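For reference, the structure is listed below as structure tokens.
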Amino acid sequence: GQNIDQPTEMTATEGAIVQINCTYQTSGFNGLFWYQQHAGEAPTFLSYNVLDGLEEKGRFSSFLSRSKGYSYLLLKELQMKDSASYLCAVSPSYNTDKLIFGTGTRLQVFP
Amino acid sequence: EPEVTQTPSHQVTQMGQEVILRCVPISNHLYFYWYRQILGQKVEFLVSFYNNEISEKSEIFDDQFSVERPDGSNFTLKIRSTKLEDSAMYFCASSEVEAPGDEQYFGPGTRLTVT
């Protein structure tokens, strides 16, 4: 089966750092994506990892360990506008187009 | 910045009616997708489309669903006879080259309400 787990909700304070974890068990693996989704809006792309290690992009970083089936998204210098859901999505195979999404983690940033 | 557009933003229909959801992918993109998100639940893959044919579909995408690229710009999702459980947000997405590895750009979604 295909299973992607994320915490349901997290809270953090403006200016702080938060780490959102994602574990996956899929029939195959060909990359992991993180998307941001504000309420009532479309998901927007944040990052893509296919090799182990850390990918840094401004205030956001994403880490992948394929052997552990684990990824995290690290958000630094949190801003109020970072309050959103963060979706972990896996491409389960090199010969498929589809993405399998987790349920998302709703992050609330407080002043 | 180019973006995927979808119309209408909200569609209300009665059970048993046909609906067509419309999408205009980014102009140089070749791969097109439909996903849906039932309120409070995860985003679910429905179908992918390339070179004027379906390349993959999920179990959700049964005979009630169809997709079409009627011209060079539009990409549509048709639900022939809507059910209450079809109520969801439907997202269209497109990518320049074959996923994975290439970002799928999502449209703003069409909220479908079946009464």
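Overview of values
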{"read-out": "For chain A, built as a Gaussian network whose Cα springs stay under 10 Å, the top-fluctuating residue of A:LEU87, A:LEU75, A:LEU32", "value": "A:LEU75"}
{"read-out": "Reachable lysines from A:LYS81, criterion Cα separation under 24 angstrom, eight or more residues apart if same chain", "value": "A:LYS57, B:LYS42"}
{"read-out": "Within the accessible area of the protein assembly as shown (1.4 Å probe), percent carbon and sulfur", "value": "46 percent"}
{"read-out": "Average other protein chain Cβ within 10 Å of Cβ, residues A:13-23", "value": "0"}
{"read-out": "Accessible area buried, both sides summed, chains B and A with 1.4 Å probe, Å²", "value": "1700 Å²"}
{"read-out": "Coil-residue GluC sites (Glu not before Pro) of the stretch B:1-61, DSSP, other Cβ within 10 Å capped at 16", "value": "B:GLU3, B:GLU18, B:GLU59"}
{"read-out": "Average accessible surface area per residue within the protein assembly as shown, 1.4 Å rolling probe, Å²", "value": "49 Å²"}
{"read-out": "At q = 0.16, 0.18, 0.20 Å⁻¹, base-10 log of I(q)/I(0) for chain B (Debye sum, equal scatterers on each alpha carbon)", "value": "-0.68, -0.86, -1.07"}
{"read-out": "Neighbour-limited loop hits for trypsin sites (Lys or Arg not before Pro), the stretch A:1-73 (at most 12 other Cβ within 10 Å; DSSP other than H, G, I, E, B)", "value": "A:LYS68"}
{"read-out": "Charge context of B:GLY16, other residues only, Cβ under 12 angstrom, K/R +1, D/E -1", "value": "0"}
{"read-out": "Whole-percent pair-distance distribution, where bins are 5 Å wide, for the alpha carbons of chain A", "value": "2, 13, 25, 25, 19, 10, 5, 1, 0"}
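The values are calculated or read from the model by the stated rules, or taken from the named source; none is laboratory data. For clarity, every value in this text was computed on a predicted model and none was experimentally measured. Reconstructed Cβ throughout: ideal geometry from the backbone, glycine too, with neighbour counts over all protein chains shown. Just the protein is used for accessible areas: all its heavy atoms, side chains included, with ligands, DNA and RNA removed. Shrake-Rupley method; radii C 1.70, N 1.55, O 1.52, S 1.80 Å.
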